[in-house]
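Below is one structure, written out as structure tokens; comments come after it.
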Amino acid sequence: MRSTAPQDYTLSTFRALANTLIPPPTNQDELESTPGASDMCIYEYIVYALDHYIPIQTYVYQGNIPLALPTALMINEAARQYAYTNRPPFSYQQATQSNHHFFSSLSRQDRIQTLAHLEDLNLDLYTLPTPFQNNAGLIKHVTDALNRLTLFGYYSEWSSYGSTRLNPPDERYQEFFPLSWYHVGYPGVSLGYRDFRGFLLRIRRNEGGR
Amino acid sequence: MSRNPDVIVIGSGGGGAVIAKELGEIGLSVWVLDAGPWYGNCKWPNPNQHRGAESSDDPKDLDGNLYREQITRREGDMNDIVTGKFRWGPADRRRGPWFRNIPDQAILWQNAGIGGTTLHYYSNSPRPYPHSINHQWPITYEELIPYFEKVEETLPVEFAPTTSKEAVFYYGAERSGFSLNDSLDVSTVGYRPQPNAILPPNEHLMDPNYSLEELSHMEGCTLAGHCGQGCPYGPSLEKMAKRSTNISYVPLALKTKKVTFRPNAFVTKVLTEMNPSGEHQAVGVQFRDTWTGETEEVNAKIVVMAAGCIETPRLWLNSDLPNNPWVGRGLTNHYMDTVTGTFDEDTLMNILGQPEINPFVGHTSGARLDYPGVGMIETLGESPGLTAQQLFGFSQAGYYQYNDASKPGGRVVGEPLKEDMGDYRRTLTLLAITEDDVQYRNRVQLDPHIKDEHGHVPLVHYKPSHQDEKKRDYLVEIATNILKHAGAKSVYRSNLAPNLYIHLESTMRMGFVVDSSCEAYQVNRLYIADNSVHYNSAGGVNPTLTTQALATRTAEKIVEKYF
Ligand SMILES: Cc1cc2nc3c(=O)[nH]c(=O)nc-3n(C[C@H](O)[C@H](O)[C@H](O)COP(=O)(O)OP(=O)(O)OC[C@H]3O[C@@H](n4cnc5c(N)ncnc54)[C@H](O)[C@@H]3O)c2cc1C
């Protein structure tokens with residue numbers, strides 16, 4: 001059980017993130033047509049992307065720096081600082097509890113404010129975990145990426161890989177038509193469209209003096 | 001693969017493939033080394049899973065059916081920056097992409113592989129504005145015209161056909177007082193179809209007697225809208241509709257029987273010697289096989305760097321070539337923004353006779369407004385994931401819903417995002433592209449602390465000038481007007497972060513790092529043939545045709561001087 005704890009922590013933090021950026025519909029009847037990003041497991045997509053994003057050489061080896069866990073820690077620390085300053089009374093006990101899921105305990109609006117604060121570097125950067133500690137550039141870059149990853153994960157076909165979604169990229173297969181494509185009216189892979197309305201201009205070659 | 005060719009070309013993207021073909025046609029033996037995979041070559045049936053062969057030099061290896069299987073046209077499979085087939089990373093997609101340190105909100109969108117970043121480019125191939133070249137570059141616009149013509153004929157380039165997107169754009173541009181500009185050499189403001197490196201639609205496209213499946217195996221664009229995903233439609237590989245260099249120039253290079261391409265070969269060092277008069281000269285390269293990790297060296301009489309605006313300066317710096325304060329400096333990036341209009345069904349019925357625009361139909365970018373001195377505006381119709389990420393998920397203005405009125409734009413999240421994306425089929429997006437200034441502070445340098453298997457990684461920095469900001473605001477105003485005049489009921493601006501790296505240029509500038517024939521001032525026999533040699537941002541015009549014309553010219557210069 002213990003060994004899965006960090007993974008649960010990471011996943012639940014990104015579940016809260018996905019839910020914040022693309023929430024489930026308030027009307028339950030629409031859940032099937034426009035689910036929230038966490039209903040489509042987009043947090044798993046975010047974790048995969050973060051853990052495969054930065055392959056560099058360290059003293060001992062060449063490999064990926066898994067970023068998902070430190071990013072989750074960073075978001076929670078930013079949430080803690082945000083709440084501590086902006087949402088008093090925030091109890092001493094809450095503030096000192098380690099590994100607390102601060103981010104998910106905030107309202108949706110406060111979570112977005114937390115992300116905005118993080119991106120504006122509006123917190124004590126020393127308190128963040130490696131590799132983010134005092135690393136303004138990486139904080140900005142990754143905080144921004146969280147938005148793009150959530151939106152791309154949700155609106156691309158990723159979710160339709162269904163039970164194969166976490167396989168290596170070449171071992172994934174589409175199991176159904178992506179709900180988000182259905183919702184926006186994108187027909188998916190196409191062979192062509194009969195929407196040719198003529199040419200406004202043609203290039204005239206070798207006529208000189210164009 | 002003949003040992004020690006006349007010329008080694010590093011990189012087979014927008015510029016590298018062109019110079020390889022030109023040199024091969026002249027009769028020189030050429031090796032092209034590219035860091036990424038090769039799609040559509042039967043020697044690499046599973047290029048993302050197995051190393052496959054070492055190299056290919058035979059046009060018979062090209063296989064259009066295989067290309068069609070590999071280029072799945074799904075945006076996640078093709079364009080995902082971390083795992084996509086088109087990404088800056090090794091062929092093996094189980095591994096991560098290659099890291100660049102970009103300490104900002106940033107998307108750096110380049111590809112490794114035969115075809116390079118043209119694998120997913122939109123094929124817009126306009127000439128630069130004459131005013132942006134004349135009296136600025138060490139060469140004149142007029143000198144380049146024959147090379148523009150040659151590239152336009154080879155790719156080939158044709159004005160984009162009109163589909164719904166373009167029709168709405170022309171309608172709005174006309175009503176906002178702009179006129180049609182029927183020219184390839186643009187000195188005045190006006191709108192026109194994009195000159196695109198895409199074959200015209202097949203003459204039977206509108207004929208229901210031909211199925212779309214049949215048409216997709218015939219010559220000509222089917223308006224499928226997959227430019228960004230690679231577009232594998234056509235009767236054979238070299239006749240695919242979208243003319244990335246792997247489709248246009250690479251087959252022609254192979255036909256010369258003088259050119260060998262080796263994918264999965266990452267060049268880590270340019271080798272030099274001192275000649276008797278004490279000058280540096282290039283003698284070859286060292287490269288690393290991205291599957292096996294083995295390094296090899298190969299010698300040649302000439303080395304051409306065409307690794308793109310980031311990797312060419314990185315390679316120079318990692319090779320310890322002579323110090324030049326302009327290496328990696330002066331990066332321009334066309335400081336871009338997007339404006340999206342949403343239309344009512346009635347308005348669209350009036351303009352188009354149908355209630356939707358369907359931005360995913362037709363050329364991804366098929367129409368433009370040229371504004372010499374400021375930049376340009378073009379239509380943009382991407383698939384939903386790319387659309388959402390770029391229009392609603394990437395902004396320098398935080399979150400739209402939480403901003404005060406002083407900041408335009410911002411990311412859109414929550415229910416409003418779903419609503420906006422729900423209108424996707426009735427939207428038209430315009431991309432504003434600025435003629436940005438060359439500034440010394442904008443740069444590619446080595447990160448002193450971070451290395452990967454190819455040496456110190458690049459650190460990229462770009463911040464537009466105040467002048468650039470004013471120009472961008474002006475273009476955004478015009479784009480907004482065009483959409484409003486077309487009848488958009490609402491218009492939304494993203495206020496993109498400046499570090500959207502799509503049109504990188506001018507990091508190894510002509511007149512500073514290379515001379516007017518694109519040979520390095522400080523290293524003889526070392527040439528550059530990619531976007532990095534541009535003197536400036538070429539007027540804010542899509543840069544690739546300029547690079548391809550220069551590469552064609554550089555091939556002649558090399559032969560004149562050394563062969
Ligand atoms: C989404 C998108 C759309 C675009 N649309 C357009 C458009 O419509 N029109 C336009 O003009 N431009 C467009 N561009 C820009 C266009 O792609 C570039 O201008 C063009 O590809 C630049 O050519 P290049 O030769 O400089 O670099 P690239 O095309 O990036 O080629 C560089 C090649 O070098 C290889 N390489 C790099 N380092 C090494 C190394 N060390 N060893 C070996 N090989 C190496 C890479 O693998 C790559 O194949 C677009 C870009 C994007 C991202």
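The values are calculated or read from the model by the stated rules, or taken from the named source; none is laboratory data. Keep in mind that this is a model prediction, so the values were computed, not measured. Glycine also receives a Cβ, built like all others from the backbone with ideal geometry; neighbour counts cover every protein chain displayed. For accessibility, only protein heavy atoms count, side chains too; no ligands or nucleic acids. Shrake-Rupley method; radii C 1.70, N 1.55, O 1.52, S 1.80 Å.
So in region B:518-545, with the set limited to residues that are within 23 Å of the chain's Cα centre (by Cα) and charged (D, E, K, R), which one is nearest to the ligand (Cβ to nearest atom)?
Restricting to residues being within 23 Å of the chain's Cα centre (by Cα) and charged (D, E, K, R), the top hit is B:Asp530.
Can you name the number of the only condition in (1) open to solvent by less than 30 Å² (accessible area, probe 1.4 Å); (2) away from the ligand (no atom under 12 Å from the Cβ) that B:Arg68 fails?
The number of the failed condition is (1).
Check whether at least one residue in region B:40-62 is among the aromatic types (Phe, Trp, Tyr), within 24 Å of B:His454 (Cα to Cα) and either crowded, with 23+ Cβ neighbours inside 10 Å or more than 15 Å from the ligand (Cβ to nearest atom) (or both), and report yes or no.
Checked against the condition, which is being among the aromatic types (Phe, Trp, Tyr), within 24 Å of B:His454 (Cα to Cα) and either crowded, with 23+ Cβ neighbours inside 10 Å or more than 15 Å from the ligand (Cβ to nearest atom) (or both), region B:40-62 yields at least one hit.
How about region B:413-524: which strands (runs of 3 or more DSSP E) wholly inside it have at least 2 residues that are in contact with a Gly (Cβ under 8 Å, 6 or more places away or on another chain)?
By residue number, B:427-434, B:443-452, B:490-493.
What are the pairs, 6+ residues apart or on separate chains, where a residue within region B:60-74 that is within 11 Å of chain A (Cβ to nearest Cβ) has its Cβ under 6 Å from a residue that is in a helix (DSSP H, G or I)?
The qualifying pairs are B:Arg73/B:Gln229.
Step by step: first the residues of region B:396-406, then only those that are open to solvent by less than 60 Å² (accessible area, probe 1.4 Å) and small (Gly, Ala, Ser), then the one that is nearest to the other protein chains (Cβ to nearest Cβ). Which residue is that?
B:Gly398
Can we say A:Pro35 is in contact (Cβ under 8 Å) with a residue 12 or more places away in the chain, buried (at least 17 other Cβ atoms within 10 Å of the Cβ) and either within 13 Å of another protein chain (Cβ to nearest Cβ) or not β-branched (Val, Ile, Thr) (or both)?
So A:Pro35 fits the description; yes.
Mind listing just one residue for me: the one in region B:297-336 that is more than 15 Å from the ligand (Cβ to nearest atom) and of a type in the set (Lys, Arg) and, of those, farthest from B:Leu380 (Cα to Cα)?
B:Lys301
Look through region A:16-32, keep the residues that are assigned to a helix (DSSP H, G or I) and surrounded by fewer than 22 Cβ atoms within 10 Å (Cβ to Cβ), and return whichever of them is nearest to the chain's Cα centre (by Cα).
A:Asn19
Give me the residue from region A:132-153 that is at the interface with chain B (Cβ under 10 Å from one of its Cβ atoms) and open to solvent by 30 Å² or more (accessible area, probe 1.4 Å) and, out of that set, nearest to A:Ala116 (Cα to Cα).
A:Lys140
Would you check which residues across region B:14-33 are open to solvent by less than 10 Å² (accessible area, probe 1.4 Å) and in a loop (DSSP other than H, G, I, E, B) and list them?
Correct list: B:Gly15 only.
Give just the number: which of (1) within 14 Å of chain A (Cβ to nearest Cβ); (2) within 13 Å of the ligand (Cβ to nearest atom); (3) of a type outside the set (S, T, N, Q) does B:Trp31 not satisfy?
Condition (1) is where B:Trp31 drops out.
Out of curiosity, is B:Gln548 within 11 Å of the ligand (Cβ to nearest atom), away from every other protein chain (no Cβ under 14 Å) and over 30 Å from B:Gly409 (Cβ atoms)?
Against the criterion (within 11 Å of the ligand (Cβ to nearest atom), away from every other protein chain (no Cβ under 14 Å) and over 30 Å from B:Gly409 (Cβ atoms)), B:Gln548 qualifies.
Just to check your reading of the model, which residue among A:Ser105, A:Ser160, A:Ser156 is open to solvent by 40 Å² or more (accessible area, probe 1.4 Å), among the polar types (S, T, N, Q) and free of Cβ contacts under 8 Å to residues at least 60 places away in the same chain?
Result: A:Ser105 is the single residue among A:Ser105, A:Ser160, A:Ser156 that is open to solvent by 40 Å² or more (accessible area, probe 1.4 Å), among the polar types (S, T, N, Q) and free of Cβ contacts under 8 Å to residues at least 60 places away in the same chain.
What number of residues in region B:275-294 are open to solvent by 10 Å² or more (accessible area, probe 1.4 Å) and closer than 25 Å to B:Asn524 by Cβ?
9
For the condition in contact with a Pro (Cβ under 7 Å, 6 or more places away or on another chain) and either crowded, with 24+ Cβ neighbours inside 10 Å or assigned to a helix (DSSP H, G or I) (or both), what is the one hit in B:Glu213, B:Glu174, B:Glu238?
Going through B:Glu213, B:Glu174, B:Glu238 in turn, the sole match is B:Glu238.
Hey, can you tell me all the residues within region B:112-135 that are in a helix (DSSP H, G or I) and either more than 10 Å from the ligand (Cβ to nearest atom) or among the β-branched types (Val, Ile, Thr) (or both)?
B:Thr117, B:Thr118, B:Pro130, B:His131, B:Ser132, B:Ile133
Report yes if some residue within region B:488-503 is within 18 Å of B:Asn124 (Cβ to Cβ), among the β-branched types (Val, Ile, Thr) and in contact (Cβ under 8 Å) with a residue 60 or more places away in the chain; otherwise report no.
yes
Could you identify the single residue in B:Gly362, B:Gly341 that is surrounded by 24 or more Cβ atoms within 10 Å (Cβ to Cβ), more than 15 Å from the ligand (Cβ to nearest atom) and small (Gly, Ala, Ser)?
Matching residue, one of B:Gly362, B:Gly341: B:Gly341.
Going through region B:451-463 one residue at a time, which ones are under 23 Å from B:Pro325 (Cβ atoms), touching a residue at least 60 places away in the same chain (Cβ under 8 Å) and open to solvent by 10 Å² or more (accessible area, probe 1.4 Å)?
B:Gly455, B:His456, B:Leu459, B:His461
Filter region B:493-517 for residues that are away from the ligand (no atom under 16 Å from the Cβ), more than 14 Å from chain A (Cβ to nearest Cβ) and either surrounded by 24 or more Cβ atoms within 10 Å (Cβ to Cβ) or not aromatic (Phe, Trp, Tyr) (or both) and give the result.
B:Arg493, B:Gly511, B:Asp515, B:Ser516, B:Ser517 - these are the residues of region B:493-517 that are away from the ligand (no atom under 16 Å from the Cβ), more than 14 Å from chain A (Cβ to nearest Cβ) and either surrounded by 24 or more Cβ atoms within 10 Å (Cβ to Cβ) or not aromatic (Phe, Trp, Tyr) (or both).
What number of residues within region B:86-107 satisfy the criterion of being in contact (Cβ under 8 Å) with a residue 60 or more places away in the chain and open to solvent by 10 Å² or more (accessible area, probe 1.4 Å)?
Adding up the residues that qualify gives 9.
If you scan region A:155-167, which residues turn out to be assigned to a helix (DSSP H, G or I) and more than 7 Å from chain B (Cβ to nearest Cβ)?
Those that are assigned to a helix (DSSP H, G or I) and more than 7 Å from chain B (Cβ to nearest Cβ): A:Ser159, A:Ser160, A:Tyr161, A:Gly162, A:Ser163, A:Thr164.
Please go through region B:244-296 and pick out each residue that is under 28 Å from the mean Cα position of the chain (by Cα), more than 11 Å from the ligand (Cβ to nearest atom) and assigned to a loop (DSSP other than H, G, I, E, B).
Hits for region B:244-296 are B:Ile247, B:Ser248, B:Thr256, B:Lys257, B:Lys258, B:Trp291.
I need the full set of residues from region B:92-111 which are within 10 Å of the ligand (Cβ to nearest atom) and more than 20 Å from B:His461 (Cβ to Cβ), in order please.
Result: B:Asn111, single match.
Which of the residues that make up region B:255-270 are open to solvent by less than 30 Å² (accessible area, probe 1.4 Å) and either in contact with a strand residue (DSSP E or B) (Cβ under 7 Å, 6 or more places away or on another chain) or on the phi > 0 side of the Ramachandran plot (or both)?
Those that are open to solvent by less than 30 Å² (accessible area, probe 1.4 Å) and either in contact with a strand residue (DSSP E or B) (Cβ under 7 Å, 6 or more places away or on another chain) or on the phi > 0 side of the Ramachandran plot (or both): B:Val259, B:Thr260, B:Phe261, B:Arg262, B:Asn264, B:Ala265, B:Phe266, B:Val267, B:Thr268, B:Val270.
Which members of region B:407-466 meet the condition of being of a type in the set (Lys, Arg), farther than 25 Å from B:Gly225 by Cα and within 10 Å of chain A (Cβ to nearest Cβ)?
Listed by number, the residues that qualify are B:Arg411, B:Lys451.
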